[in-house]
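Right, one structure below, let's go through it.
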Amino acid sequence: MSRSLCQITDLTASEVHEVFDLCAKMKSGAIQPKPLAGKSVACIFTKSSLRTRVSFETGIYELGGHPMYITDGEIQLGRRETVADAARVLSRYVGLIMIRTFDHADVVELAENATVPIVNGLTDLVHPCQIMGDYFSITEHLPPADRYIVAYLGDGNNITNSWLNLASLIPLELRIGTADDCHPDADLLEKAKANPDSKIVLTNDPKEAANGADVLYTDVWASMGQKDLANDKAEKLKRFQINRSLLEVAKEKAVVMHCLPAERGREITDEVMDSPQSIVFDQAENRLHVQKAIMAFLLK
Ligand code: CP
Ligand code: NVA
């Protein structure tokens, strides 16, 4: 079994910082490792993607490798054969497997049975590459701090869960503003609360979450696989929209973040998303750099 990234807590806190250091060096061009030279990478997608697909394929190429885009229609993961057997077979061909899918247990089963690293490109539970890239973006845009105040407004989903993952490893004041029945994963919430260096607040008051925050962060109210709930979620979460009046209670130099794709006019207004405080496209760019660092770290 190789080292894999199923969720951020597969790394230690010092390894997370090691990945960020590597990311900074690779992004600046100071180093250009080619750990995938002569190797292929299986990129399995059972959900849609723009950023994850294109940033992984580009990053794999830049690390010297050959990316293969594989859809569920072809491999039918867990249906044509077990996930474990697919992991054993793919490990004979490729140097790394990246997967985006629904059930997080499938990614864990792949990792437990593959002999090459697995990188989670989003499951219903977590999206580790996104939040690692996002934290890196915060450190690029804000002055150093012992503990940033991140206010996440909206649905308690895979993005929220990944923020909880990060808070369980490194100091963070994470304030989650959401509706009472849109809470994030209870187990990951408890694990984050167990880190004495982090502070976790769960509130149904958006202004309490945003007040004095360094970062206002949001995501779609209905994730992939839940689009039939979109109207119901919109009704419950409309109070948590990131708009000008919410931004006014954050720190003056606060940054606005969104993992994208955004449903403009729902969870975030055009005015805020297009404002100078928005760093959403820098976040998208950093997916490329952090994923290259993650792959290089796992392959070393
Ligand atoms: N943020 C993100 O993962 O985007 P895609 O769904 O387009 O990959
Ligand atoms: N929570 C969203 C994130 C997309 C990048 C989803 O799972 O659809």
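The values are calculated or read from the model by the stated rules, or taken from the named source; none is laboratory data. Note that the coordinates shown come from a computational prediction; the quantities given were computed from them, not determined experimentally. We place every Cβ from the backbone using ideal geometry, glycine too, and count neighbours over all the protein chains shown. Note: accessible area is taken over every heavy atom of the protein model, side chains too, but ligands, DNA and RNA are not part of it. Shrake-Rupley method; radii C 1.70, N 1.55, O 1.52, S 1.80 Å.
Structure above, values below:
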item: Members of segment 242-280 found to be farther than 14 Å from residue 141 by Cβ, open to solvent by 10 Å² or more (accessible area, probe 1.4 Å) and part of a strand (DSSP E or B), listed by number; result: 264
item: Segment 82-130: number of residues that are among the charged types (D, E, K, R), within 14 Å of ligand 2 (Cβ to nearest atom) and either free of Cβ contacts under 8 Å to residues at least 12 places away in the same chain or out of contact with any strand residue (DSSP E or B) (no Cβ under 7 Å at 6 or more places or on another chain) (or both); result: 2
item: Residue in segment 202-222 that is under 28 Å from residue 29 (Cα atoms), more than 16 Å from ligand 2 (Cβ to nearest atom) and open to solvent by 60 Å² or more (accessible area, probe 1.4 Å) present; result: no
item: Matching residues in segment 57-109 - criterion: being under 17 Å from residue 123 (Cα atoms), of a type in the set (A, V, I, L, M, F, W, C) and open to solvent by 30 Å² or more (accessible area, probe 1.4 Å); result: 102, 105, 108
item: Among (1) under 27 Å from residue 121 (Cβ atoms); (2) of a type outside the set (A, V, I, L, M, F, W, C); (3) out of contact with any strand residue (DSSP E or B) (no Cβ under 7 Å at 6 or more places or on another chain), the one test that residue 207 misses; result: (1)
item: Qualifying strands (runs of 3 or more DSSP E) (wholly inside segment 44-149; at least 3 residues being within 16 Å of ligand 1 (Cβ to nearest atom) and farther than 28 Å from residue 209 by Cβ); result: 66-71, 96-100
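Yes or no, residue by residue, for (1) within 21 Å of residue 286 (Cβ to Cβ); (2) touching a residue at least 40 places away in the same chain (Cβ under 8 Å):
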| residue | (1), (2) |
| --- | --- |
| 199 | no, yes |
| 202 | no, no |
| 206 | no, yes |
| 212 | no, yes |
| 217 | yes, yes |
| 227 | no, no |
| 235 | no, no |
| 242 | yes, yes |
| 269 | no, no |
